[in-house]
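Note sheet for the following structure.
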Amino acid sequence: MVRGTESPWWVNRSDRWRTAYAERALVPELLMSAQPDLGWAGCAAVERDPQRVSGAWVFTGTRIPVAALFENLEDGVSLAEFVELFPGVTEQQARLVLEHVARSSAAAVA
């Protein structure tokens, strides 16, 4: 490989996440341990267990960090595509998370 042509870590992030999830070997960049607590305990679509995924908030019944949703949306992935990329997460769960963040953000501004 020619020096300087390596792709930055964020290139093809969705592909890496999909592979890491399929191999059950989530890499540190997927973990959300530093994620701010937006009152996630009040959102039925997510859960947290200190013994799973380093205690990150994940979609209920999965090992998929909530941060994966926001990273993919930021990369231009649609909600429908996200649900396809991450089996186990339903569109309803993703929508509940987005609604929760919107409510939490509005409350923080008020």
Just to verify a number: FRET efficiency for S78 and R48, C-beta to C-beta distance, R0 = 30 Å, to 0.05? 0.70
Can you pull the one-decimal nm distance between simple spin-label points at R95 and F70, each 7 Å off the Cα toward Cβ? 2.2 nm
With θ set to phi - 60° and the Karplus curve 6.51 cos²θ - 1.76 cosθ + 1.60, what are the ³J(HN,Hα) couplings of the stretch 84-97 in order, to the nearest whole Hz, using x for Gly and Pro? 5, 5, 10, x, x, 8, 9, 4, 5, 4, 4, 5, 4, 5
For T60, the residues 5 or more places away or on another chain with a placed amide H closer than 5 Å to its own amide H are V46, E47
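Laboratory data are not the source of any read-out in this text; all were calculated from the coordinates shown. This structure is a prediction, so every number in the text was calculated from the model and none was measured. Positions of Cβ are generated from backbone atoms using ideal geometry, with glycine treated the same way; all protein chains shown enter the neighbour counts.
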